[in-house]
Amino acid sequence: MTGNILLSISVRRSKDIFPSAGQFRVNYPATMKKLLAFLALAGIAQIAAAAVAKGSTTTAENKVANCIGCHGIPGYKASFPEVYQVPMLGGQSAKYIENALNAYKKGERKHPTMRGIAGSLSDQDIADVAAYYAQQK
Amino acid sequence: MKSFAISSFIALSALSLSAHAGGDISAGKAATEKYNCASCHGKDYNTPIDPGYPKLAGQHRDYLEHALVAYQRGADGANGRGNAIMAAQAKPLSRQDITNIAAYLNSLPGSLVLRK
């Protein structure tokens, strides 16, 4: 969606820069229509992709770097603001892991470290990380 | 007879010690039955009725305690958690109930693992 906005701004700008380019104006509507149709389709595709957000364990491998420093170390304890062993995630249900990460992201869960980490994750990242931990045995 | 008394004294004091340190497993089992935890988290606490709910069997004891206390605090409390269902479930629990429940759930065999 950001892409759409940026592109339409740049189109408008080129019009501002070349206000006297008559030829431009003649061809403009057709090009614009095509462009708009393309952008609309791209937008729909993007929304559809986000709605599914299926987790992939292969792409997750680059994304769990922030997780394993705590959740991958036996006996590792959270030290701030309270001390307790961080939860075991391997084999946990993917949907629950997604719910938990989204709750940190939205601020329904207040743990400061997890809020920081979850806030940096996209919906796709969350789905991937959840799938990664869910398949562990 | 005397040796039996001594050994049972030792056994009992060991039991009460473990109960003090890590919560009372059988009291925890009774509490989970009283508050119907299994109706969502599954009979064995490893097969929740909805994938949106966590498996609890074998989870770290101190983490489970933290989570229940956090639900009691709610989303407005420091290091709390807001969740409509768990807020209502955690509300009536005493600190001792929480310790016992965590000990019981931790003692159960489950499929949670710690891996990289």
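The values are calculated or read from the model by the stated rules, or taken from the named source; none is laboratory data. All figures in this text were calculated on a predicted structure; none of them were measured in a lab. All Cβ positions, even for glycine, are placed from backbone atoms using ideal geometry, and neighbour counts span all protein chains on display.
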task: Give the residues of the range A:87-108 that are in a loop (DSSP other than H, G, I, E, B), at the interface with chain B (Cβ under 7 Å from one of its Cβ atoms) and crowded, with 19+ Cβ neighbours inside 10 Å, sorted by residue number.
output: A:Pro87, A:Met88, A:Gly91, A:Gln92, A:Ser93
- prompt: Looking only at helices (runs of 4 or more DSSP H) that fall completely inside the range B:29-97, which ones have 1 or more residues that are within 28 Å of A:Ser79 (Cα to Cα) and in contact (Cβ under 8 Å) with a residue 40 or more places away in the chain?
  reply: B:61-73, B:84-90
task: Check A:Ala118, A:Ala131 and return the single one that is in contact (Cβ under 8 Å) with a residue 40 or more places away in the chain and touching a helix residue (DSSP H, G or I) at 6+ places or on another chain (Cβ under 8 Å).
output: A:Ala131
message: One residue is enough: does the range B:65-81 have a residue meeting the conditions touching an Asp or Glu at 6+ places or on another chain (Cβ under 9 Å) and at positive phi?
response: yes
message: It is to be established whether one or more residues within the range B:102-116 are modelled with pLDDT under 95 and in contact with a strand residue (DSSP E or B) (Cβ under 8 Å, 6 or more places away or on another chain).
response: yes
